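Encoded as structure tokens, the structure appears first; notes follow it.
Values in this text are rule-based calculations from the coordinates and carry no lab data. Computed from a prediction, not measured in an experiment: that's the story for all the values here. Neighbour counts run over all protein chains shown; Cβ positions are idealised from the backbone, glycine included.
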Amino acid sequence: MPEQVAAGHQETPAQEVGDFLRRRREQIAQRWADAALFRTVFTVSREEAVEAGRAVVEALAAVAAAERVEEQEADGFSVVREQLARMAASRSRAGSTNSQISVEVDALRMPVVDLLIAELEGRPAEDVRDCTTALTVLMGTLRLVVLETLLSAGQELINRQHLQLLEVATPVIKLWEGIVAVPLIGTLDSARSQVVMETLLDSIVEQHARFAILDITGVPTVDSLVAQHLMKTVAAARLMGAECIVSGIRPAIAQTIVHLGIDLGTVKTQASLADALGYALRKQGAHIVPQDPHHAGSR
Amino acid sequence: MQTAGGVSACLPIHSDLDLVWVRQHVRQAAAQLGFGLVAQTKLVTAASELARNTLVHGGGGQMECAPVSRGGGQGLRLSFSDEGPGIPDLDQALRDGYTSGEGLGMGLGGARRLVHEFHVDSRQGRGTTVTVTSWVSGPPRPREEQ
Ligand SMILES: Nc1ncnc2c1ncn2[C@@H]1O[C@H](COP(=O)(O)OP(=O)(O)OP(=O)(O)O)[C@@H](O)[C@H]1O
Ligand SMILES: [Mg+2]
């Protein structure tokens, strides 16, 4: 399309690549949909792969038009960075190494370069060289953007694992003679509830506890697995001769448990940790005497 | 538009850690769309059950999350898919207390009670997709087959 090069205003190679990408967006996206990277990430429908491809081409076109083909931080990339990160993460979860993913991104380059060269047929060799160079640099930058998302995802994973480790450190607190409590915070997955159960049972033995309180105020979701863990822990504590009380079931969670169909009927529950402590104290024969309202008022 | 970006997502389900991510995403998406606390908790719990089934019984897969609207109502649609063995007998699987493993067998039936719309598409040997939808202010119209 020679009329693209308007007289008096010479486009730079990068800008020309930008125009080319925009014009050929559909064709490039279709070709990419068959490339390993897109094909393996979007397994459900090809249209999804094409759609994702269009977004990436659009972003590359914007970066090229802004003549920032070498910059990973170019504005154009920000639109697709999250999508690229998700695609890369999906490959990496499927077992690909970072360098394999890098190769897959690199494989997107040739189909586009071929198209560009075909389109530049008849133009001076110098123009062809400059444009392909600009495009090649741009595709190299895309590769770096993808790799960067992988590296930061790796860091995030480490942070997450660290968090999980912290979560496992579950303190058992002695509240009173014969009364222990575990404030549970965060996710109660199988591994962690095993730890909770063991530490609680140990401390029941150590402290000669007759009451154990599991406070779930800090547990965001109680699904059937969490409920099952709670019930198992309660049953195990009972076998050790202690009565287990679950406290801190928030109203939204109580309603959800009912809809889920789980029967916590065999589990002693109390609204708050304080209520649970009061209950245990009373059952131990301690008298909790509320302060005389008259005296309380005069203090 | 800027809210839809945060709601729509496709999350992998291949580990216990991914389940944490799924719950967190669904909670945020539901909050963003204006679901109340109880409705959020119900949807997150349903998502937790279904995602765990995808992981445990389906051998892993993914969740797609998207905002939907119908008849002026706003909702959230979650779709859990795997390429596992499929569910041979759906009625049996939905029955409270039925489990082929060592769960309570409350997950699938419980999830159905926690959402407004519930659909299972399962083919033996090919995989399972469970799609659920909940609406911010209840189902737009009395349930009707489309
Ligand atoms: N995605 C799936 N793929 C294959 N089978 C499934 C799937 N989801 C559920 N099932 C089957 O349905 C049964 C019932 O599921 P349900 O979630 O109700 O119970 P569960 O997972 O066994 O226990 P839990 O109460 O801990 O969830 C499962 O035991 C399993 O046989
Ligand atoms: Mg289940």
Can you give the FRET efficiency for B:Val68 and A:Ala191, using 1/(1 + (r/R0)^6), R0 = 51 Å, r = Cβ-Cβ distance, to the nearest 0.05?
0.90
Name the residue from A:Leu120, A:Gly248, A:Ser190 whose Cα lies farthest towards the positive end of the charge dipole of chain A, charges +1 on Cβ of Lys and Arg and -1 on Cβ of Asp and Glu.
A:Gly248
Along the stretch B:96-113, what does the Karplus equation 6.51 cos²θ - 1.76 cosθ + 1.60 (θ = phi - 60°) give for ³J(HN,Hα), rounded to whole Hz, x for Gly and Pro?
4, x, 7, 9, 8, x, 10, x, 7, x, 9, x, 5, x, x, 4, 4, 6
Looking only at aspartates and glutamates whose Cα falls under 14 Å of A:Lys268's and that sit 8 or more positions away or on another chain, we get A:Asp215, A:Glu243
Given charges at beta-carbon only (K, R positive; D, E negative), |dipole| of the protein assembly as shown in Debye
1660
Can you give me the long-range amide H partners of A:Leu175? Hydrogens built in the peptide plane at 1.01 Å from N, cutoff under 5 Å, separation of 5 or more residues or another chain.
A:Val180, A:Ala181
A convex hull over the alpha carbons of the protein assembly as shown yields, per residue, a volume in Å³ of 214
Longest segment of chain B with no GluC sites (Glu not before Pro) in a DSSP loop having at most 14 other Cβ atoms within 10 Å?
B:1-101
Say the dipole of chain B comes from +1 at the beta carbon of Lys and Arg and -1 at that of Asp and Glu; which of B:Leu94, B:His25, B:Phe80 then lies farthest toward its positive end?
B:His25
Label-to-label distance, nm, for residues given as B:Gln124 and A:Gln255 (7 Å Cα→Cβ offset)
4.1
Per residue of the stretch A:22-31, in order, report the coupling 6.51 cos²θ - 1.76 cosθ + 1.60 (Karplus, θ = phi - 60°) as ³J(HN,Hα) in whole Hz, putting x for Gly and Pro.
5, 5, 9, 3, 4, 4, 5, 4, 5, 5
Which cross-chain or sequence-distant (5 or more) residues have an amide H under 5 Å from the amide H of A:Thr269, H modelled 1.01 Å from N in plane?
A:Val246
Taking the alpha-carbon centroid of each part, what is the distance from the stretch A:4-72 to the stretch B:79-127 in angstrom?
42
From the backbone phi of the stretch A:255-269, what are the Karplus-calculated ³J(HN,Hα) couplings (6.51 cos²θ - 1.76 cosθ + 1.60, θ = phi - 60°) in whole Hz, Gly and Pro given as x?
4, 5, 4, 5, 5, 5, x, 8, 9, 8, x, 7, 9, 6, 10
Need the list of aspartates and glutamates near A:Lys232 for cross-linking: C-alpha distance under 12 angstrom, and skip anything on the same chain fewer than eight residues off.
A:Glu198
Connecting C-alpha atoms closer than 10 Å in a GNM of chain B, tell me which of B:Val56, B:Val130, B:Val26 has the biggest fluctuation.
B:Val56
The answer for A:Glu243, listing residues at least 5 apart or on another chain whose modeled amide H is closer than 5 Å to its amide H, is A:Phe211, A:Ala212
A chain fully extended from A:Asp106 to A:Glu73 at 0.36 nm per residue, minus the present Cα-Cα distance, gains in nm 10.0 nm
Length gained when the stretch A:Ser45-A:Ala153 is fully extended (0.36 nm per residue, less Cα-Cα span)
36.3 nm
In the stretch B:107-141, which trypsin sites (Lys or Arg not before Pro) fall in coil by DSSP and have 13 or fewer other Cβ atoms within 10 Å?
B:Arg126
Report the residues of the stretch A:48-72 in range of a label on A:Glu26: point 7 Å along Cα→C-beta, backbone N strictly under 17 Å from it.
A:48-58
Determine the dipole magnitude for chain B: charges of +1 sit on the beta-carbon of Lys and Arg, -1 on that of Asp and Glu, nothing else is charged, the reference point is the Cα centre, and the result goes in debye to the nearest 20.
440
